[in-house]
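Student: Provided herewith is a single structure, encoded as structure tokens, for subsequent inquiry.
None of the figures in this text is laboratory data; all of them are computed from the coordinates on show. Everything quoted here is computed from the prediction, not taken from an experiment. As a convention, Cβ positions derive from the backbone with ideal geometry for all residues, glycine included, and neighbour counts pool all protein chains shown.
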Amino acid sequence: MDKVVEAVLFDLDGTLTDTEKYYQVAWPRALEHFGYKMEKWMPLELRSLGRPFAPKKFKEWFGEDFDYAAVREYRKGIVEEMISEGGIPLKEGAKEILKWLRENKILTALVTANDYQRAERYLKKIGLFEYFDRIICADMVSQGKPAPDIYAYACRELGLDPNDTFAVEDSPNGVTSAYLAGCKVVMIPDLTQPDEQLKEKLYAKKDSLLEIKELFN
């Protein structure tokens with residue numbers, strides 16, 4: 001195997017778990033509870049969008065009086081309900097690719113917009129916790145995705161140059177974050193395909209997690 005990178009950094013929702021669809025339902029329901037109506041395209045723009053960008057986005061859409069913290073907390077409750085009912089479905093090949101990387105001595109890190117407590121709980125619930133050398137969460141940096149902070153921090157934690165890592169993402173905000181940090185970005189699209197502008201930020205686009213193996217041959 002050709003060791004083209006030293007580590008692979010993974011997003012969680014929509015990349016390793018098929019949970020992004022939950023948020024696409026939960027956000028509109030949460031907004032409706034507070035008397036707002038979301039257009040269908042709006043939840044898509046929120047994928048992996050971290051602070052301070054998400055609160056700003058909502059104020060752009062709904063005005064300066066929008067209580068982001070309250071709505072987000074309510075949305076989190078909806079997602080928890082959906083997970084308790086439907087579980088946390090894994091993307092095809094998630095456990096297999098992590099196991100393969102571990103067997104081939106490639107470091108792995110989770111780089112997620114979730115806070116650490118939730119990320120750890122989810123990973124243990126789906127049996128993936130043991131496969132990660134580092135778990136990097138949005139609450140560890142000042143700015144979330146699409147800013148480069150979280151991927152830059154992950155690389156520092158691993159002691160690696162970003163160019164020696166693959167960052168695996170499913171959404172435009174995640175891709176942009178990893179690209180700005182200097183990682184080699186591998187996109188596995190979930191709910192939308194990359195447009196021409198986003199394609200320019202990609203090292204590769206794959207259809208499934210197991211296809212990451214092809215990048216090492």
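Student: Need one word for the chain: rounded, prolate or oblate. Basis is the Cα gyration tensor (sqrt eigenvalues a ≥ b ≥ c); a/c below 1.5 gives rounded, then a/b vs b/c decides. Numbers along the way, then the final one.
Tutor: Values: a/c = 1.83, a/b = 1.57, b/c = 1.17.
Here the chain falls in the prolate category.
Student: Calculate the spin-label point distance for A69 paired with K99, positioning each point 7 Å from the Cα along the beta-carbon direction, and give it in nanometres.
Tutor: 4.4 nm
Student: While we're looking at this one, here's another question. What is the sum of charges, Lys and Arg at +1 and Asp and Glu at -1, for the other residues whose Cβ falls under 13 Å from the Cβ of G159? Working shown, then result.
Tutor: Values: positive: R134, R156; negative: E6, D133, E157, D161, D164.
Spelling it out: positives minus negatives among the neighbours equals -3.
Student: Which value in nm describes the separation of the simple spin-label points at E80 and D207, placed 7 Å from the Cα toward the beta carbon?
Tutor: Placing both labels 7 Å along Cα→Cβ, they lie 3.9 nm apart.
Student: Would you give the gap between the C-alpha center of the stretch 20-87 and the C-alpha center of the stretch 92-137, rounded to a whole Å?
Tutor: About 25 Å separates the Cα centre of the stretch 20-87 from the one of the stretch 92-137.
Student: Sort R156, R47, R134 so the one with the fewest other Cβ atoms within 10 Å of its own Cβ comes first. Can you show the working numbers first?
Tutor: Numbers: R156 11, R47 23, R134 16.
Listed from fewest to most nearby Cβ atoms, that is R156, R134, R47.
Student: Which residues does the label zone of N217 cover in the stretch 97-114, counting backbone N under 17 Å from a point 7 Å along Cα→Cβ?
Tutor: So the set is 97, 100-101, 104.
Student: Within the stretch 174-217, find all residues whose amide N lies under 13 Å from a label point positioned 7 Å from the Cα of N163 along Cα-to-beta-carbon.
Tutor: Of the residues in the stretch 174-217, 182-184 have backbone N under 13 Å from the label point off N163.
Student: For the chain, what does -39500 (n - 2.57) per DSSP helix run (n ≥ 4), summed and divided by total residues, give at 222 nm, in deg cm²/dmol to the nearest 500?
Tutor: -12500 deg cm²/dmol, from helical runs alone.
Student: Using the Cβ atoms and a cut-off under 9 Å, what net charge is assigned to the surroundings of S208, where Lys and Arg are +1 and Asp and Glu are -1? Each step should come with its number before you reach the end.
Tutor: Working: positive: K91, K206; negative: E92, D207, E211.
Computed value for this residue: -1.
Student: In whole Hz and in residue order, list the ³J(HN,Hα) couplings for the stretch 37-47 that follow from phi through the Karplus curve 6.51 cos²θ - 1.76 cosθ + 1.60, θ = phi - 60°; x for Gly and Pro.
Tutor: 10, 8, 6, 4, 7, 5, x, 5, 6, 8, 4
Student: To continue, here is another question. For a test of the definition: using alpha carbon positions, the gyration tensor, and the 1.5 limit on a/c, classify the stretch 99-210 as rounded, prolate or oblate.
Tutor: On the way: a/c = 1.39, a/b = 1.26, b/c = 1.10.
It comes out rounded by the Cα gyration axes.
Student: Here is a further query. Report, for the chain, the % of DSSP beta bridges that are antiparallel, rounded to 5.
Tutor: On the way: 1 of 20 bridges.
Taking every DSSP beta bridge within the chain, about 5 percent pair in antiparallel fashion.
Student: Cut-off under 15 Å on the C-alpha distance; same-chain residues fewer than 8 positions from K184 excluded. Which aspartates and glutamates are left, in chain and number order?
Tutor: Within reach: E6, D11, D161, D164, E169, D170, E200, E214.
Student: Still on this model: Take C155, C183, C137 and order them by how many other Cβ atoms sit within 10 Å, fewest up front. Show your work: numbers first, answer last.
Tutor: Working: C155 28, C183 31, C137 22.
Fewest-to-most ranking of C155, C183, C137: C137, C155, C183.
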